[in-house]
Amino acid sequence: MSHKGDTLHLPAVAVEAASGSIARPGRPTMGRRKSVIPQGVDIIVTIDGPAGTGKSTVAQSLAERLGLDLLDTGAMYRAAAAIAIDQGLIDGVRAEDPATTARFVQIVADADLHFDWMADPPAIMAMSKATGRYEPLNERIRTPDVTKAVSAVARVVELRRHMVRKQRLIGQQHPRLVTEGRDQGSVVFPDALVKFYLDADLRVRAERRADQLREAGYPAQADELMAELARRDEADRTREEGPLVCPQDAITVDTTRLNFDQVVDRLERDVLDRVGVA
Ligand code: DC
């Protein structure tokens, strides 16, 4: 994410990485960071909100500043979407065919999605039937077909329940965590110490996305992206299981008129206040 300008600019990475993690070389390995939060203090920070609010890059920077681990739950849904496509199941999943959906969830469970925490940011890994080894899916999950398919996949109730279980396990293994997604404060970690909900005007989110696409060399029109984002918002907000909602006890941050540093500064201050670190 660029720190320049007066709005929240996202970095010029792969087109579909608007809400993905961006590798920053030269940073210390996750889980071994020096932290301003005293050792022994467990702290889960959740960041939820719609696409285009800069959640992923903000979460990454906040985790880095605070010396906490980072969980990108969108990467898990994207990995499931990649599996649905690669196994030829996506049409059945889209059509909500019960037999296909059950098979799909079983295949995802067998793939044993997890993160390689030694990578920075952590790499999403899945067991490949072809190689019999765990393979990283980081690049695959940012491809346009995955981005197109992921909303339908994220509606699958049994898949969501599977992901919630996995994410809670990750929370147990990494109890000093910044986690971002759509349902982290509302469903997965209702007892999180600090919950944020990032939001921004639809037009501003679309403009950020358009800037990002253009920086990556793709033609993009904010007007068209507004319609696409509005469709994704609707899909995220209306699904039966784990819809995007602002948890009652969340701190809402409207990033419409804030730049990247202002957003991260604000979140960092709120977390440090909450744990009583001056
Ligand atoms: O944040 P993202 O664009 O990488 O998320 C990809 C998709 O997964 C998006 O459609 C929202 C969905 N998602 C979800 O339903 N629940 C989460 N906790 C994270 C992402």
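Every number in this text was worked out from the coordinates using simple rules, so none of it is lab data. Treat the numbers as computed from the prediction; the structure is a model and nothing was measured. Don't worry about glycine lacking a Cβ; one is built from the backbone with ideal geometry, like all the others, and counts go over all protein chains shown.
Descriptive notes on the structure:
- Over all other residues within a Cβ to Cβ distance under 9 Å of M127, the charged ones net out to -1, with Lys and Arg as +1 and Asp and Glu as -1.
- Separation of the A102 and T252 label points, Cα + 7 Å toward Cβ, nm: 4.2
- Summing Lys and Arg as +1 and Asp and Glu as -1 over all other residues whose Cβ lies under 14 Å from the Cβ of E180 gives a net charge of -3.
- Hz values of 3J(HN,Hα) by residue in the stretch 241-248 - Karplus curve (6.51, -1.76, 1.60), Gly and Pro given as x: 9, x, x, 5, 9, 8, x, 4
- Scaled against 2.2 N^0.38 Å for its residue count N, the alpha carbon radius of gyration of the stretch 137-199 is 1.25.
- Amide H contacts of I44: L177, L193, V194, each under 5 Å away and 5 or more positions distant or on a separate chain (H built 1.01 Å from N in the peptide plane; Pro and chain starts excluded).
- Length added when fully stretched, M118-E240, from 0.36 nm per residue minus Cα-Cα: 40.4 nm
- Counting neighbouring Cβ atoms within 10 Å and putting the fewest first, the residues Y77, Y218, Y134 line up as Y218, Y134, Y77.
- When DSSP beta bridges are restricted to pairs lying wholly in the chain, around 25% turn out antiparallel.
- Selection among A152, Y77, G242 by position relative to the dipole of the chain gives Y77 as farthest towards the positive end (Cβ unit charges, Cα centre).
- Positive minus negative residues near E240 (Lys, Arg vs Asp, Glu; Cβ under 15 Å): 0
- Mean ellipticity per residue at 222 nm, deg cm²/dmol - from DSSP H runs of n ≥ 4 across the chain, formula -39500 (n - 2.57): -14000 deg cm²/dmol
- In the elastic network of the chain, a GNM with C-alpha springs shorter than 10 Å, the most mobile of G92, G67, G40 is G40.
- The Cα center of the stretch 56-91 and the Cα center of the stretch 118-160 differ in position by 8 Å.
- Alpha-carbon radius of gyration plus Dmax, which is the widest Cα pair, for the stretch 43-275 in Å: 17.3, 49
- Relative to the Cα centre, the charge distribution of the stretch 105-248, modelled as +1 at Lys and Arg Cβ and -1 at Asp and Glu Cβ, gives a dipole magnitude of about 320 debye.
- Mean separation of Cα contacts under 8 Å (6+ apart) over length of the chain, as relative contact order %: 32
- Amide H contacts of I251 (H built 1.01 Å from N, under 5 Å, at least 5 apart or other chain): K195, F196, Y197
- Packing, as the average of other Cβ atoms within 10 Å across residues, places the peptides 68-76, 187-195 in the order 68-76, 187-195, highest first.
- The charge dipole of the chain, taken about its Cα centre with unit charges on the Cβ atoms of Lys, Arg (+1), Asp and Glu (-1) only, comes to about 520 debye.
- Spin-label model, R133 to D191: label points 7 Å out along the Cα-to-beta-carbon direction sit 4.0 nm apart.
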